1. Counting only heavy atoms of the protein chains, get the accessible area per residue of region 75-139 (1.4 Å probe) and round it to a whole Å² value.
2. Any idea how far the Cα center of region 298-313 sits from the one of region 148-208, in Å?
3. To the nearest 20 Debye, how big is the dipole of the chain about its Cα centre, given +1 on the beta carbon of each Lys and Arg and -1 on that of each Asp and Glu?
4. Tell me, what ³J(HN,Hα) does each residue in region 336-341 have, in order and in whole Hz, if you take phi through Karplus 6.51 cos²θ - 1.76 cosθ + 1.60 with θ = phi - 60° and put x for Gly and Pro?
5. Just subtract the alpha-carbon distance of residue 150 and residue 313 from 0.36 nm times their residue separation and send over the number in nm, one decimal.
6. Take every Cα-Cα distance within region 198-348, group them into 5 Å bins from 0 onward, and report for each bin the whole-number percent of pairs it holds.
7. Working out 0.36 nm times the residue gap between residue 276 and residue 230, then minus their Cα-Cα distance, what length gain in nm do you get to one decimal?
8. List the aspartates and glutamates whose Cα lies under 18 Å from the Cα of residue 148, skipping any in the same chain that are fewer than 8 positions away.
Amino acid sequence: MTFPEKMSGVILNGHGSPEMLEWRDDLAFPVPRDDDVIVRVGAAGVNNTDINTRTAWYSKGEAEAGDATWSGTPLTFPRIQGADVCGRVVAVGAAIDPSRIGERILIEPCIREANGDTLEMPWYFGSECDGGFAQYTRVAARHAYAIKSDLTDVELASFPCSYSTAENMLARANVSKNETILVTGASGGVGSATVQLAQARGAKVIAITSASKAQNLLELGAMKTLDRGDDLVAEIGTSSVDVVIDLVAGAKWPSLLEVLRPGGRYAVAGAIGGPIVELDIRTLYLKDLSFFGCTVLEPQVFGNLVGRIERKEIVRLVAETYPLRDIATAQTAFSEKGHIGKIVLEMS
């Protein structure tokens with residue numbers, strides 16, 4: 001197969017507003033290293049990490065200090081973002097079996113190999129290396145998971161980041177059957193995935209959302225919903241849940257620990273309500289709580305997720321689709337949080 005020297009896609013030129021995103025028709029076609037595959041991108045989802053990286057949200061100081069990615073690895077520009085990728089393998093490196101050409105794949109977003117090297121600290125696809133907001137992308141073959149599904153590329157692209165993040169949090173917190181789980185930010189991509197995946201484990205889910213989205217969460221499997229403005233202690237009582245899955249943090253964060261039972265577990269992978277919280281350390285040690293910060297995927301998580309998709313144990317939640325050229329509009333819609341599930345970009 002003959003490939004073009006150039007391709008189309010969107011690049012991020014620097015930290016800032018959506019104006020930093022630029023459509024280009026002259027991007028270099030990616031060349032595979034020995035252990036890589038080249039993927040023709042069918043669709044790619046929008047997620048918080050794309051926006052957080054663009055706005056330098058991860059930086060604890062000035063963005064110029066070089067820590068404006070989730071791993072702390074300095075970000076270089078221009079960068080092709082996009083971590084939620086569904087596509088097909090169109091070329092392979094010298095060390096990869098050519099039979100993989102033609103495979104339909106999902107890309108694992110948390111990668112442990114790039115540019116021929118094993119990474120000491122995993123990277124996020126589309127952050128520390130180029131991702132899927134282009135016609136083609138390159139990734140180490142170990143992170144391109146073959147999938148057999150009758151879902152469309154758009155539907156499959158709604159899964160990788162949100163559902164692997166959710167599955168990883170549940171795995172790290174060792175959520176099991178009949179436990180009661182409190183999920184914050186439950187209507188978002190990760191939150192709605194958590195509701196489904198926790199319910200699939202046999203857990204009982206209490207979902208925090210807005211009143212307008214409560215019914216949707218009940219239909220996904222939540223046994224109860226709470227409004228974002230509710231007093232959690234008044235609504236469900238102290239020491240009433242086994243696990244908190246938190247994506248929000250913010251000013252009401254201390255109440256999340258109050259409703260945890262002694263020996264409870266708290267797992268976090270987001271802070272859309274604000275990253276700085278107040279902790280009474282006595283609550284942590286007197287209740288024997290365990291805290292889990294969840295970014296790097298456990299090795300088994302993505303493979304397990306692909307299996308759940310193939311077995312149709314979880315449902316896709318695509319809120320809206322946009323052409324890749326309209327990425328700025330898509331990210332604006334994403335930031336308004338008026339949707340349930342994922343916003344996905346189509347390549348064609």
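The values are calculated or read from the model by the stated rules, or taken from the named source; none is laboratory data. Quick caveat, the model's predicted, so the values are computed rather than measured. Heads up, the Cβs are rebuilt from the backbone with ideal geometry, glycines too, and the neighbour counts pull from every protein chain shown. Just the protein is used for accessible areas: all its heavy atoms, side chains included, with ligands, DNA and RNA removed. Shrake-Rupley method; radii C 1.70, N 1.55, O 1.52, S 1.80 Å.
1. 36 Å²
2. 11 Å
3. 840 debye
4. 6, 6, x, 10, 10, x
5. Full extension of this stretch gives 57.3 nm more.
6. Calculated over all Cα pairs of region 198-348, the distribution is 2, 7, 13, 17, 20, 17, 13, 6, 3, 1, 0, 0 percent.
7. 14.5 nm
8. 84, 103, 108, 310, 313
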